[in-house]
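A.B. asks: Quick one: the structure is below, questions incoming.
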Amino acid sequence: MRVMIISATSAIAHEVSRCFAADRAALFLVARNAERLAAAADDLRVLGAAKVETYVADLADLSTHAALIEAARQALGGIDAVLIAHGVLGDQKTAQQSVSATLELFHINAISYISLITLLANHFEAQRQGCLAVIGSVAGERGRGSNYIYGAAKGAVAIFMSGVRNRLAKVGVSVLTVKLGLVNTPMTAHMKKNALFAEPAQVGKRIYAAMLRGEDILYVPSFWMWIMLVIRNIPERIFKRLNL
Amino acid sequence: MGRSYQSWGNYPKARNQRVIPVHWRDAPPDLQAIDGSVLAYGYGRSYGDSCLNENGTLLDITPLNRYIAFDAERGLIRCESGVLFADLLQFIVPRGWFLPTTPGTKYVSVGGAIANDVHGKNHHVAGTFGGHVTRFELLRSDGSRLICSPTENAELFRATIGGLGLTGLILWAEFKLRRIPGPYIAQEKIRFGNIDEFFAISEDSDKEYEYTVAWVDCVSGGDKLGRGIFIRGNNAWLARLPDKSAAPRTLLTMPFDLPPFALNLLTVRAFNEVYYRAPLGKVQHKIVPYDPFFYPLDVIDDWNRLYGKAGFLQYQFVVPRAHDRSAIKEILRQISASGVVSFLAVLKVFGDVESPGMLSFPRPGVTLALDFPYRGAPTLRLLDRLDQIVRECGGALYPAKDARMSPQMFEASFPNWRAFSQYVDPKFSSSFWRRVTGQAQSGK
Ligand SMILES: Cc1cc2nc3c(=O)[nH]c(=O)nc-3n(C[C@H](O)[C@H](O)[C@H](O)COP(=O)(O)OP(=O)(O)OC[C@H]3O[C@@H](n4cnc5c(N)ncnc54)[C@H](O)[C@@H]3O)c2cc1C
Ligand SMILES: NC(=O)c1ccc[n+]([C@@H]2O[C@H](COP(=O)([O-])OP(=O)(O)OC[C@H]3O[C@@H](n4cnc5c(N)ncnc54)[C@H](OP(=O)(O)O)[C@@H]3O)[C@@H](O)[C@H]2O)c1
């Protein structure tokens, strides 16, 4: 198995990488912080990955995308599966005061994904097999006053992915959108923890299994599917008054 | 899941603790910028207050769980300090290696194992965990990061092993593993009728068995005083069992705290009656997977909640060889007479292998670990009486299990603590440390 992990230093992505490493997969890891990337790579080598290559890139810089995918293809001799995981939660309150801050958040969470997915969809379409997985969020299902910039970006990616899935289904490529609830990672380090929070190791195993099985949409933990079913069905007239 | 950041005994409960997770070793938090004192927190498997920092900050090191290097020929592993023994075992056992020594639970971190210099069933041959550590990196609050080994920063190395987390934050550690032929243990169980029989079996067994330990019945008095089961074993050469493969066991979880009447004299007595009904003196042989042999209690997740909301106290002491028999007998007599029940009582003879740790607990002699449901003053009074016996024969209490020893008892247990304290990082402290050094009242 030849797997590319985009944002390999994300706590959740790393847990997925660990599952692939235990399977002796060859891995190509992309992240922007070289020192952390090296720490993640060492761990995966010890765990048994057949090969670990690293590549440093700031994913907000779209001009790096074609090159990094090509580098992965060269290093691994092809790509069977990809996980895209980077993200910035941002601070809604400060961002909403500024167009540039809002667009910057939208850029890293949506535009950079659309760029990467476009390039990778073409790769997989030509290859006629493989798995393209991205990490989305339940926050992308409905805009909330406290978090709609991030939410809109995640929502845009989910709709984009559903189109790509529809297109690539014809050639047998699986396209997975992961819809995460709350996970205990650096991204949520500032939040007060409660029973809704899942651990990255548990989430990583679920994503890994869904990638192998070729699933379409994965809610993790799965109870979020029911919570979101309710949330999606609250009439806007009522929803707009809620403090969410 | 929200973590509770209390200790395993649920007593005492620490209030007003701030928690900062440590995710990356390249960018640990700036400790100087934190108000008040700090303390590393692993998996909270210490029973009392040595992993707590009331009105201070806990540095949650469990996200620091990456491997750094593994030398499969020499069995040398380097990993971040939050690596969990349970995960490590899953990785090393199939590769033919085992922990150099392990406590009775696999849910501890490498950092916690060093800070308490933990011991296991092979102490008589292998010594403590710290004796197998070759080096580690220590972060001090002034921002310095020091590689410590027996030859480099040697004093800090010795202070940090068994140093109760007070000398700084261990970022990663390197230690030696033990070769094993397979994941099984050839186990033998022998029932003994009293303490003298225990000592006889122990003396024989420690020469030929790598792992030895005993469970003691603390409820029965008179001629049954100190009866129990001796458990010993060696690594079995089998790679797999001939009949069926060891199926992974499902964990039971204690879903809520049991009401206080659940663990009373009657239930413990009933348990002991069943447990000790095996024939006296006869050796029962069995090949068992390493997991139930080393970690019998880990089958039930959160078993500490058996004790209810009030929590419970562990009491573990060591008494030197010269006085071991008389002291153990006297202590068992006191417990049995008090009517206070101890559910788990574990007895083991420590060997002579010296630990590098300055403040290490294990020393040649006999150790007994007991646990008592917390019932307020009567429980504390009994333990004060036991303290006296331990002190009179020059023994010591184990800080990892302690929630109540006095500064005097600490001084008696660790007469060199003042020498140790020069290595304590000025920013680091714990509820335990303030209590046993008498700073608790002064509010420092
Ligand atoms: C069922 C059970 C059985 C046990 N059996 C045994 C036994 O047989 N033998 C034995 O010796 N012990 C035993 N123990 C005690 C246990 O092994 C120790 O308390 C161990 O240190 C717990 O590890 P932890 O990761 O949970 O650390 P914690 O309890 O969270 O912390 C323990 C100490 O380590 C320090 N620490 C943790 N990480 C770091 C770090 N990175 N840098 C610096 N300091 C750090 C903390 O500050 C604290 O002082 C047992 C405990 C249980 C619950
Ligand atoms: N945690 C949750 O509760 C939760 C819930 C729903 C969805 N998610 C999603 O899950 C994914 C993984 O997040 P996580 O929880 O694992 O948090 P995380 O560990 O903080 O991971 C986020 C990663 O994104 C990287 N990143 C951000 N901007 C980047 C850029 N411009 N270029 C390259 N990398 C960049 C960060 O790199 P640096 O380390 O270099 O900063 C970091 O490694 C994200 O997409 C997130 O939106 C998380």
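A.B. asks: May I ask you to compute the full-extension gain from residue A:162 to residue A:61, defined as 0.36 nm times their residue separation minus their alpha-carbon distance, rounded to one decimal in nm? Each step should come with its number before you reach the end.
C.D. replies: Values: separation 101, 0.36 × 101 = 36.36 nm, distance 2.45 nm.
Stretched out fully, the residue A:162 to residue A:61 stretch lengthens by 33.9 nm.
A.B. asks: Which whole-Hz ³J(HN,Hα) couplings does region A:202-213 yield from phi under the Karplus relation 6.51 cos²θ - 1.76 cosθ + 1.60, θ = phi - 60°, glycine and proline marked x?
C.D. replies: 5, 5, x, 4, 5, 5, 4, 5, 5, 5, 5, 7
A.B. asks: Oh, and also: For a quick size check, give me the Cα extents of the protein assembly as shown along its three principal axes, largest first, whole Å.
C.D. replies: Principal axes ranked by extent give 81, 61, 54 Å for the Cα atoms.
A.B. asks: OK, next. Given Cα pairs under 8 Å that are at least 6 residues apart, what percent is the relative contact order of chain B?
C.D. replies: Working: 992 pairs, mean separation 85.4, N = 444.
Contact order relative to length: 19 percent.
A.B. asks: Here's something else I'd like to know. Give the carbon-plus-sulfur fraction of the accessible surface of the protein assembly as shown in %, rounded to a whole number; probe 1.4 Å, heavy atoms of protein chains only.
C.D. replies: On the way: 15740 of 28880 Å².
So the carbon and sulfur contribution to the accessible surface is 55 percent.
A.B. asks: What is the average number of partner chain Cβ atoms found within 10 Å of a Cβ in B:82-92? Don't skip to the answer; put the middle values down first.
C.D. replies: Numbers: counts 0, 1, 1, 0, 0, 2, 0, 0, 1, 4, 0.
Mean inter-chain Cβ contacts per residue within 10 Å come to 1.
A.B. asks: Turning to a different aspect of this structure: So if R0 is 51 Å, what FRET efficiency would residue B:134 and residue B:333 give, r being the distance between their Cβ atoms, rounded to the nearest 0.05? Can you show the working numbers first?
C.D. replies: Values: r = 44 Å, r/R0 = 0.87.
So the FRET efficiency works out to roughly 0.70.
A.B. asks: If I model region A:2-239 as equal point scatterers sitting on the Cα atoms and use the Debye formula, what is log10 I(q)/I(0) at q = 0.09, 0.11, 0.12 Å⁻¹?
C.D. replies: -0.36, -0.54, -0.65
A.B. asks: With a 1.4 Å probe and all protein chains left in place, how much accessible area per residue does the protein assembly as shown have, in Å²?
C.D. replies: Working: 28880 Å² over 688 residues.
That works out to 42 Å² for each residue.
A.B. asks: Give me the mean projected area, in nm² to one decimal, of the convex hull enclosing the Cα positions of region A:126-244.
C.D. replies: Working: hull surface 33.5 nm².
Dividing the Cα hull surface by four gives the mean projection, 8.4 nm².
A.B. asks: Among all the lysines, which ones have a C-alpha under 21 Å from residue B:427's C-alpha, if same-chain residues fewer than 8 places away are not counted?
C.D. replies: B:444
A.B. asks: Among the listed pairs A:192/A:240; B:189/B:401; A:192/B:176; B:13/B:207; A:179/B:176, which have their C-alpha atoms separated by more than 32 angstrom in this model? All intermediate terms of the calculation are to be shown ahead of the outcome.
C.D. replies: Working: A:192/A:240 25 Å; B:189/B:401 27 Å; A:192/B:176 38 Å; B:13/B:207 43 Å; A:179/B:176 42 Å.
Result: A:192/B:176; B:13/B:207; A:179/B:176 exceed 32 Å.
A.B. asks: Which of B:103, B:362, B:378 moves most in a GNM of chain B, Cα contacts under 10 Å?
C.D. replies: B:378
A.B. asks: Rounded to the nearest 500, what is the 222 nm mean residue ellipticity of chain B from helices alone, with -39500 (n - 2.57) per DSSP H run of 4+ residues and division by all residues?
C.D. replies: Numbers: 12 runs with 104 residues, N = 444.
Result for chain B, helices only: -6500 deg cm²/dmol.
A.B. asks: Please report the relative contact order for region A:2-239, taking Cα pairs under 8 Å with a sequence separation of at least 6, and give it as a percent rounded to a whole number.
C.D. replies: Details: 411 pairs, mean separation 43.8, N = 238.
After rounding, I find 18 percent.
A.B. asks: Still on this structure: Once you order the gyration tensor axes a ≥ b ≥ c over the Cα atoms, which shape class does region B:9-49 get: rounded for a/c under 1.5, otherwise prolate or oblate by comparing a/b with b/c? The partial results should precede the final answer.
C.D. replies: Working: a/c = 3.27, a/b = 1.66, b/c = 1.97.
Oblate shape, in that a/c is at least 1.5 and b/c is the bigger or equal ratio.
A.B. asks: Could you check the spin-label model distance between residue A:226 and residue A:169? Points 7 Å from the Cα along Cα→Cβ, value in nm.
C.D. replies: 2.7
A.B. asks: Roughly how large is the A-B contact in terms of buried accessible area, totalled over both chains, probe 1.4 Å, nearest 100 Å²? Mind showing how you got there, number by number?
C.D. replies: Values: alone 11630 and 18780 Å², together 28880 Å².
Answer for the A-B pair: about 1500 Å² buried.
A.B. asks: Figure the gain on full extension for residue B:287 and residue B:125 (residue separation times 0.36 nm, minus the Cα-Cα span) and round it to one decimal in nm. Show your work: numbers first, answer last.
C.D. replies: Details: separation 162, 0.36 × 162 = 58.32 nm, distance 2.15 nm.
Difference between extended and current length: 56.2 nm.
A.B. asks: Compute the distance in nm between two label points, each set 7 Å from the Cα along the Cα-to-Cβ direction, one at residue A:205 and one at residue A:192.
C.D. replies: The modelled label-to-label distance comes out at 3.0 nm.
A.B. asks: Taking beta carbons within 10 Å but only from partner chains, what does the mean come to for residues A:185-198?
C.D. replies: Values: counts 3, 4, 0, 1, 7, 0, 0, 2, 6, 2, 2, 2, 3, 1.
The per-residue average across the peptide is 2.
The values are calculated or read from the model by the stated rules, or taken from the named source; none is laboratory data. None of the values given here were measured: they were computed from a predicted structure. So basically every Cβ, Gly included, is an ideal-geometry build from the backbone, and we count neighbours across all protein chains shown. These area figures cover heavy atoms from the full protein model, side chains too; ligands, DNA and RNA do not enter into them. Shrake-Rupley method; radii C 1.70, N 1.55, O 1.52, S 1.80 Å.
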